[in-house]
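Encoded as structure tokens, the structure appears first; notes follow it.
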Amino acid sequence: MSAAQLLRHSRKLRSLQNAVDCERSSLVRYFSSSSGSFIVKENGLGKRTGGTRLSKHSQPAKELETFSVGVNRSYTWTRASNSRIPSAVSSLNGSFSCGQVASARPFSSSADLPPHQEIGMPSLSPTMTEGNIAKWLKKEGDKVSPGEVLCEVETDKATVEMECMEEGYLAKIIHGDGAKEIKVGEIIAVTVEEEGDIEKFKDYKPSSSAEPAAPTESKAQPEPSPPKVDEKEASKTPEPKAPKIEEASQSGDRIFASPLARKLAEDNNVPLSSVKGTGPDGRILKADIEDYLAKGGHKEAFAAPGLGYVDIPNAQIRKVTANRLLASKQTIPHYYLTVDARVDKLVKLRGELNPLQDASGGKKISINDLVIKAAALALRKVPQCNSSWMNDFIRQYHNVNINVAVQTEHGLFVPVIRDADKKGLGTIAEEVKQLAQKARDNSLKPADYEGGTFTVSNLGGPFGIKQFCAIINPPQSAILAIGSAEKRVIPGSADGQYEFGSFMSATLSCDHRVIDGAIGAEFLKAFKGYIENPTSMLL
């Protein structure tokens, strides 16, 4: 059935206002799923249809027949030239569900711009809402191919390489090196298919998808009553704050600013037009608003007279760590249990195993590696400590994945050792050293730190801290803090005799919603047993 026949025989489509009889079907090319809207190419000009996100299809590139129906916005019906893809209607005001349709590359809605793809800030971790551009590895005009690294993105947990998904040319970089606080989905670059199209994007600036949608709706449904209500409300409503006036006043001279900058300006009644942006393409950043306020004398009171200081900007990882730890202390009822374990046998076992590691070319086993193994086996004995609070229930994990705290110049990282209870000491030692080096190089991938169920933090060996209480890493319910080993005089086997022994302090921070005091004590008892009799870990 052709597109015209479908229009004539469907009641719903026939009753729609402004229906377009499209005898001549358009061609839509299949591109990657990175685009969020479906694009129709009519009469040689590109036109964006709808704003609906369509699902990705794994079939190769195919030609699709389409027609557009204009009610509020455009919609598409597609039929694959190859019968393996069924026909589908995409989002007719919610009346039709999105079928197995191909996603398409966005084309320009303006006739003076060639077909292009807008690349948005990706979500590179489950908790990521915004990111920073560490540096671009490609420059404007470079040819890019699938799998090549475009730039390094600083997420809320690490710096991650962002790869190119399609072949083309990098026409425009919207946010350059060092750009901060870019929201997920915000456009950071534009690519084109043809090298000759690069120059046409020299002065390109992305427009918000929400702004062109408003006039389209008002033109498509010209009802007399809503505009009158809007006018009355506009006359009765008091004058809004300065930033909002500027944003809505002139769409052609839109002021670009980061969300944090807009919020700070709104809270302090600062007109964005009076602030000079120092970000890419004159974008106003949070620091620009703070500088503007500082020049007005608002921040002078915070600095004592004659006191020299320097303001160090916080990296994204430090901001996220601060927020998570603050939320942990505010929302999790912590309590702490401490035990002293004798480590003489542990040190002796390590001294026996390391020569074997050296002979086989393996990494040396550290005390911390033995602690990780002992904690993992103790969690297998007391699985209640390997759990998370989920409000309506407690989730107990079958896998024992141990996060290991690593301090670097970039901040605190917690890479994960997966299934640590099932791995040998040599494997644990190898993985810990590799992940610690990745953390220092700021090159951890999300898979390197996500999915932990328990955390171990050791300040004893590296720093000589005797004992400390660590903050729980949500959504986990416990963290083990390891102190340094110290020699003590203890009673000997016979009366009047004394001997020396090395003891290590271990403090367990527990979430009282999940772990009762007796359960926490049971875990420390099992942990102490493995530390004081380390050969039992090898069984």
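The values are calculated or read from the model by the stated rules, or taken from the named source; none is laboratory data. Because the structure is a prediction, the values reported are computed rather than measured. Using ideal geometry, Cβ is built from the backbone for each residue, glycine included, and neighbour counts are taken over all protein chains shown. For the accessible areas, the whole protein counts, side chains as well, though only heavy atoms, and no ligand, DNA or RNA atoms are used. Shrake-Rupley method; radii C 1.70, N 1.55, O 1.52, S 1.80 Å.
Tabulated values for the structure
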| read-out | value |
| --- | --- |
| Distance violations [Cα-Cα > 28 Å] among 157/345; 345/445; 157/329 | 157/345; 345/445 |
| Shape box of region 276-409 [Cα atoms, principal axes, largest first, Å] | 66, 47, 37 |
| Value of D in µm² per second that Stokes-Einstein yields for region 353-439, Kirkwood Rh from Cα pairs, at 10 °C (1.306 mPa s) | 112 µm²/s |
| Unit charges at the beta carbon, dipole of region 393-539: most positive-side option, 446, 459, 484 | 446 |
| Pairs beyond 18 Å (Cα-Cα), from 364/528; 172/200; 205/286 | 364/528; 205/286 |
| Burial ranking of peptide ranges 469-476, 266-273, 155-162 (average Cβ count within 10 Å, highest at the top) | 155-162, 469-476, 266-273 |
| Largest-first principal axis extents of the Cα set of region 430-539 (Å) | 57, 35, 31 |
| Sequence of 145, 388 from largest to smallest accessible area, 1.4 Å probe | 145, 388 |
| Per-selection Kirkwood Rh - region 426-468 (Cα, Å, 1 d.p.) | 12.2 Å |
| Rounded to whole Hz, the Karplus (6.51, -1.76, 1.60) HN-Hα couplings of region 493-503, x for glycine and proline | 6, 10, 4, x, 9, 9, 9, 9, x, 9, 10 |
| Cα→Cβ-extended label distance, 7 Å offset, between residue 129 and residue 352, nm | 5.4 nm |
| Neighbour-limited loop hits for trypsin sites (Lys or Arg not before Pro), region 441-501 (at most 12 other Cβ within 10 Å; DSSP other than H, G, I, E, B) | 466 |
